[in-house]
1. Go through segment 77-173 and name the GluC sites (Glu not before Pro) that are in a DSSP coil and have 10 or fewer other Cβ atoms within 10 Å of their Cβ.
2. Given R₀ = 25 Å, what would the calculated FRET efficiency be for THR90 paired with GLN209, taking r from the Cβ atoms and rounding to 0.05?
3. Please state the charge dipole magnitude for segment 39-226, taken about the Cα centre, from unit charges on C-beta atoms (+1 on K and R, -1 on D and E), reported in debye and rounded to the nearest 20.
4. For segment 144-227, with only Lys/Arg (+1) and Asp/Glu (-1) charged at the beta-carbon, what is the dipole magnitude about the Cα centre, in debye rounded to 20?
5. Loop only by DSSP, 15 or fewer other Cβ within 10 Å of the Cβ. Give me the trypsin sites (Lys or Arg not before Pro) in segment 119-227 that pass, ordered by residue number.
6. Restricting to bridges with both residues inside segment 72-227, how much of the DSSP beta-bridge set is antiparallel, in percent to the nearest 5?
7. I'd like the FRET efficiency for ASP146 and GLN109, computed as 1/(1 + (r/R0)^6) with the beta carbon distance as r and R0 of 25 Å, rounded to 0.05.
8. Pop the C-beta distance of THR99 and GLU200 into the FRET formula with R0 = 45 Å and round what comes out to the nearest 0.05.
Amino acid sequence: MLIFEKRRAAASAAIALTIAMCGTGMGLTAAAARPRTAAAIVIDAGHGGIDAGVCGVNTGVKESDINLAIAKRLRSRFAGAGMDCVMTRTTGAGLYGSTAKGFKMRDMQKRRQIIEDCDASMVISIHQNTCALPSRRGSHVFFDKDSAGGRELALSIQSRMNALYGGECDNSALAGDYYMLKCTSEPSVIVECGFLSNAEDEKLLSDPQYIERVADAIFSGVIYYLA
Ligand SMILES: [Zn+2]
């Protein structure tokens with residue numbers, strides 16, 4: 001499907017949702033109004049299994065668990081809006097199959113296969129960051145430098161992630177050269193939600209209520225991009 005057509009289909013779903021949510025939908029439900037042509041949004045919870053990603057500086061909380069928690073809550077937002085979404089993983093297990101040598105590449109290839117198989121209209125990969133400088137905080141949303149749609153989507157999500165910090169963290173969306181940004185020509189972003197090397201971010205990201213707010217921020221960023 002052409003990029004424009006996919007985006008238009010997804011935007012129709014978002015607009016139908018907005019109408020339904022505003023209570024002026026003349027009996028339409030978001031699900032009933034969803035165009036059949038709307039392609040799936042892929043939510044990718046990074047890492048899993050023996051690959052925990054980065055760990056919290058104080059508690060050792062695993063990035064892989066936080067990523068999955070955010071991904072599941074984001075899925076429920078999309079599902080509630082009648083928008084098709086596909087998760088690359090729904091459990092704590094990795095996608096590599098065997099832990100033999102090369103597991104990381106097998107894990108990444110499996111994610112790519114899922115994205116290709118569902119003809120994704122968008123990819124949102126969820127991760128947490130780390131830095132040798134413990135004071136470093138906040139979110140960074142990455143996009144592929146050659147994707148105008150990816151950049152636009154990243155800017156939309158970044159501004160809403162920054163809002164979670166109430167003006168204390170005015171980070172920029174960044175171009176990045178990452179495998180998960182190149183699995184499809186459709187808009188793809190990596191959302192690094194916060195720094196587990198920072199004690200305050202670690203505390204926030206370990207709080208279920210904050211996880212809900214992160215999911216809201218990402219969802220809102222996607223809806224505004226589509227609309
Ligand atoms: Zn990661």
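1. Passing sites in segment 77-173 are GLU168.
2. 0.70
3. 360 debye
4. 200 debye
5. LYS145, LYS182
6. DSSP beta bridges in segment 72-227 are roughly 35 percent antiparallel.
7. Computed FRET efficiency for ASP146 and GLN109 comes out at 0.70.
8. With R0 = 45 Å, the Cβ-Cβ based efficiency is 0.85.
Read-outs throughout are calculated quantities, based only on the coordinates presented, and are distinct from any laboratory measurement. Bear in mind that the values here come from a model prediction, so they are computed numbers and not experimental data. Please note: Cβ atoms are built from the backbone with ideal geometry, for glycine as well, and neighbour counts cover all protein chains shown.
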